[in-house]
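Notes for the one structure printed next.
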Amino acid sequence: MVSSGSASGSSTDDGHTPTSNICPYNEELTHKTILVGDSGVAVGKTCVLVRFKDGAFLGGNFIATVGIDFRNKVVDVDNLKVKLQIWDTAGQERFRSVTHAYYRDAQGNLCFLYFTSLCSLCGGRSSAWLTEIHEHAQKDVVIMLLGNKSDMAAERVVKMEDGEKLAKEYGVPFMETSAKTGVNVDLAFHAIAKELKHRATQQPNEPKFQIHDYIESQKHKTGCCGL
Ligand SMILES: Nc1nc2c(ncn2[C@@H]2O[C@H](COP(=O)(O)OP(=O)(O)OP(=O)(O)O)[C@@H](O)[C@H]2O)c(=O)[nH]1
């Protein structure tokens with residue numbers, strides 16, 4: 001069992017964490033999280049966001065995102081409300097200068113890898129995105145690498161281990177998701193929200209929230225197989 005990252009022991013009657021020796025969490029805070037990844041191969045950024053926000057899958061005709069768009073969602077973390085403002089960027093190269101401007105304000109970043117096409121890894125596309133995040137985002141941005149479309153097992157050409165290896169190289173967590181089935185979509189955003197909430201309340205002598213461990217423990221709990 002992995003620690004929730006909270007410095008608290010027990011909860012009060014109203015379910016909130018006692019705040020005597022920890023920084024109280026300000027539920028008015030909005031945490032910006034940005035989704036990035038290729039367009040040509042359509043990694044599914046918009047669909048993952050819609051699945052998380054509305055619990056639905058946008059199948060059918062693919063309409064590429066133009067510029068940038070955002071949606072808000074409040075996530076329950078340790079009985080606290082954590083507000084995420086999630087920016088969905090256009091993957092197309094021609095919008096790159098617009099989307100770069102948004103990297104700076106983002107505290108969370110979900111980078112999408114496409115694993116039904118070798119172009120993600122062999123062409124170095126995913127590495128390029130991760131490098132770009134490091135160049136344009138805040139130094140301490142929470143980054144996660146996602147391999148979406150895990151339901152498309154028959155078309156898969158990039159192995160899960162390849163995604164894990166790439167994530168390890170960059171020191172970021174990796175997860176396979178599916179906007180179609182919903183697998184791991186909530187977990188990805190919850191892990192980001194939990195990390196951001198923990199950072200906002202963390203005391204200097206308190207152990208850091210271990211996002212990798214949290215994800216692994218939750219994946220096993222839900223019996224995740226990526227399909
Ligand atoms: N099978 C399957 N199809 C998906 C999944 N996620 C997205 N798609 C499909 O992939 C296509 C592209 O999805 P989008 O979410 O629009 O892709 P995007 O990354 O936002 O693309 P840009 O806006 O151009 O950057 C659509 O036809 C979706 O229906 C998934 O998890 N499984």
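The values are calculated or read from the model by the stated rules, or taken from the named source; none is laboratory data. Everything quoted here is computed from the prediction, not taken from an experiment. Here the Cβ is made from the backbone with ideal geometry for all residues, glycine too, and neighbour counts use every protein chain on show.
Here is how the numbers come out for the structure above:
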{"read-out": "Inter-residue pairs, beta-carbon under 7 Å, first of a type in the set (V, I, T) and in segment 53-66, second modelled with pLDDT of 80 or more and within 6 Å of the ligand (Cβ to nearest atom), 6+ apart", "value": "T65/T46"}
{"read-out": "Some residue of segment 164-176 being closer than 21 Å to K53 by Cβ, in contact with an Asp or Glu (Cβ under 9 Å, 6 or more places away or on another chain), modelled with pLDDT of 85 or more and not in a helix (DSSP H, G or I)", "value": "no"}
{"read-out": "Among residues of segment 188-213, those that are assigned to a helix (DSSP H, G or I) and either β-branched (V, I, T) or crowded, with 19+ Cβ neighbours inside 10 Å (or both), counted", "value": "13"}
{"read-out": "Leading residue by the ranking (nearest to the ligand (Cβ to nearest atom)) among those in segment 55-112 that are closer than 25 Å to Y214 by Cβ and not in a strand (DSSP E or B)", "value": "G55"}
{"read-out": "Filter result (within 8 Å of the ligand (Cβ to nearest atom) and under 21 Å from V141 (Cβ atoms)) within segment 27-43", "value": "L35, G37, D38, V43"}
{"read-out": "Odd one out for V183 among (1) modelled with pLDDT of 90 or more; (2) within 16 Å of the ligand (Cβ to nearest atom); (3) touching a helix residue (DSSP H, G or I) at 6+ places or on another chain (Cβ under 7 Å)", "value": "(3)"}
{"read-out": "Of residues in segment 76-99 being under 25 Å from D151 (Cα atoms) and in contact with a strand residue (DSSP E or B) (Cβ under 9 Å, 6 or more places away or on another chain), the one modelled with the lowest pLDDT", "value": "G91"}
{"read-out": "Pairs, first acidic (D, E) in segment 144-165, second away from the ligand (no atom under 15 Å from the Cβ) and at pLDDT 85 or above, C-beta under 7 Å, six or more apart", "value": "E164/F174"}
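Each row is one residue, and each column tells you yes or no for (1) within 16 Å of the ligand (Cβ to nearest atom); (2) under 30 Å from A101 (Cβ atoms); (3) buried (at least 22 other Cβ atoms within 10 Å of the Cβ).
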residue	(1), (2), (3)
H136	no, yes, no
V141	no, yes, no
M144	yes, yes, yes
A153	yes, no, no
R156	yes, no, no
E164	no, no, no
A167	no, yes, yes
